Ligand code: HEM
């Protein structure tokens, strides 16, 4: 009976199990199928779309992403579907075009001077805007607090941060002319993966015309920002605009656009620069906003953990009045935020583990030879491999018996709890020792995520500052499952009937949003809390 659910059916293969259901259900099925195959690579069959080896073994993932990264790339299936939205972008390109973007992105986002500037100057400014929005929600909601979609708020916040990082532009209200078309286009682009006839259906159906318009709008938005940005750079170079005080403090590398212009020359095509910047913008915006949303979602279900984070962040800013006046960069001695607010960091790692913003990935053998994976699987030319951080994070083979449990403590060194353990090396199976191939949330190998450090910093600070100022409670209808201190579950009815659903599921899209958002009530914390 069990085997039946994982065997390909005649004509439809695994389609009915995997592709004709909700995204949550398809990931859950993939996880059960991986368990059924005991973590060995197995073949997913989707007639008319293709076949793919599903990998769970970290050694196989390492082979694809690192050892034989030269042999595996996005491939035809992914490129044909993604190219309209992500043409020229770093995630799709190879060779020199990729190198140029990687090097510009590295200079702009991953160098220590820019990271410090980011923490000291950029973050506080945008966090202030975020607090402004939540403050007014708290004010208008009475003692219970007004309901806001925290995921939407997180998207706005991440968008304004990356607008400044990528283009040095203050998006303000114009961000809605990008966000709407981009979000719709991303969902429809994702649907293409499950629709072998997408070219025909998009030609016939109104949704196709809508997609083309959305993509045009997204591109126009990018072109406009690049033109403005280039003009600004030109004026600065010619001494027509004086640098502002912030710029003088920076003395690091430039923003992304500036770095790209340096690599490619100022007169490079607007389209290439715009596509490249747009990809960085979306890579940074969606992933970090979703990571923050899932982190808070999990805290809402686990009040004891929420209290622990709150206690830690309070202790990190004593006395309380110091919050506003302290330089954020001074609070971290290095650009690694893990030494600072370790519990908050563990909470973020655990949310990334259980709800990775990129839940499933695909590559293809682009050589003309068969590649043998460490478990003996032969991947023939043109064959695909997929692996799912969402599935791997739930594997008992990688994470042990409590793999599916929310337990941020797994990330903390024993010394955190036990002073006697100070100076002891971390146990071999400790979560913090997992390799990037066991925990491929940020990808791994030469194409690993360029923004992982930046994202960490942004997430830790946003979480810390939010916890200090606001308290959130779930505001979606139905029974919300809370965990008691002892770890057993109890339920409490949420009062709002505007929203439906109990536990939140993953929504559609190229990344992993919370389906239908994260409705919460927001209350401002009292000074004494
Ligand atoms: C929690 C936050 C983030 C997560 C989970 C994440 C995850 C990932 C993943 C899985 C990939 C591989 C995608 C693929 O090739 O299919 C990737 C690539 C990338 N990410 Fe991130 N990312 C995050 C934040 C950021 C931020 C803030 C930036 C902005 C600077 C960024 C920039 C990039 C870039 C440029 C690549 C392409 C790297 C290449 O192909 O060489 N990411 N990221």
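What follows is calculated from the coordinates using simple rules that are stated; it is not laboratory data. Fair warning: this is a prediction, and the values are worked out from it, not measured in the lab. Note: ideal-geometry Cβ built from the backbone for every residue, glycine included; neighbour counts use all protein chains shown.
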Packing-ranked peptide list from 417-424, 297-304, 384-391, highest mean Cβ count within 10 angstrom first, is 384-391, 297-304, 417-424
Give the relative contact order (percent, whole number) for region 1-135; include only Cα pairs under 8 Å separated by 6+ residues.
-> 12
Fewest to most Cβ atoms within 10 Å: 220, 467, 392 sort as 220, 467, 392
Ordering of 343-349, 85-91 by burial proxy (mean other Cβ atoms within 10 Å per residue, highest first) | 343-349, 85-91
Surface/4 estimate of mean projected area, convex hull on alpha-carbon atoms of region 36-107, nm² | 6.5
The alpha-carbon center of region 190-226 and that of region 32-83 are separated, in whole Å, by 26
Mind putting together the pair-distance distribution for region 1-155? All Cα pairs, 10 Å bins, whole percent per bin, short to long.
-> 8, 20, 23, 24, 19, 6
Highest first, please rank the peptides 207-218, 512-523 by the mean number of other Cβ atoms sitting within 10 Å of their residues.
-> 512-523, 207-218
